[in-house]
């Protein structure tokens, strides 16, 4: 056991964390949890007004910076990375959460439904990780690696019921990209892991969870009998971002109430 003791295993106080898609859904849950745990957080998303409103809501919890950016384009990634590194030469944690989805029947699924989803969910993850490597390298030490967490999906681990072809393919790609990046960056003391959530409150799941009947139907597909809650995603994030998770890299953690593991 480290001389710091078990009480500090999940300590992220003073760390600088970047959370994309941080204005709502899972990204907001993560950003709020990191602030409450003592981290300094940068949140980013495309819509500046909504992002600023979220930053104002989170400000009483700790130091939070809002930087609007569109990570679905190389130009947006570059602008975001430059703004972050200008303020924070060291980046302890990058949470690649920004994502998009598309659903349509197979006979109607358009090419644009592939371009947008893969551009955001896969290319954006790679390009932002690449662009922030100077900050991650500056923060990384053998005792306390820098961390990258990618948000995948249970739909990248099993065949989904919905016709979201490009989304499920993109999340499976994110899981493999996580492993590939982890192998390349391990020698630089940068860990890369993925969380694959099941159903959580988000814009993507709003249509399913809007009614009590819909929520009950979704919950009935989960072995633990409920949808994910804030503490579930925050707890897993803090594990990966803290001393507790420093010896873990290249993993994909299904955070799905047993959907994958129990079937």
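Worth pointing out:
- The relative contact order of segment 115-261, computed from alpha carbon pairs under 8 Å that lie at least 6 residues apart in sequence, is 28 percent.
- Gain in span if fully extended, residue 226 to residue 141, counting 0.36 nm per residue against the direct Cα distance: 26.7 nm
- Per-residue ellipticity at 222 nm from helix content only, as computed over the chain with -39500 (n - 2.57) for each DSSP H run of at least four residues, stands at -12000 deg cm²/dmol.
- Dimensionless Rg/Rh of the chain - Kirkwood Rh, Rg from C-alpha atoms: 0.95
- In the chain, Cα pairs under 8 Å separated by at least six residues give a relative contact order of 20 percent.
- For residue 59 and residue 7, the difference between the fully extended length at 0.36 nm per residue and the C-alpha to C-alpha distance is 16.1 nm.
- Descending semi-axes in Å of segment 90-131, equivalent ellipsoid built from Cα gyration tensor: 28, 9, 4
- Separation of segment 45-93 and segment 94-108, taken as the distance between their Cα centroids, equals 22 angstrom.
- Shape metrics for segment 1-70, restricted to C-alpha atoms - Rg then Dmax, Å: 13.3, 46
- Given their separation in residues at 0.36 nm each and the Cα-Cα distance between them, residue 87 and residue 106 gain 2.3 nm when the chain is fully extended.
- Per-selection metrics, segment 137-263 (Cα): Rg and Dmax in Å: 15.9, 50
We did not get these values from a lab; they are worked out from the coordinates using the rules stated. All values reported here derive from a predicted model rather than from experimental measurement.
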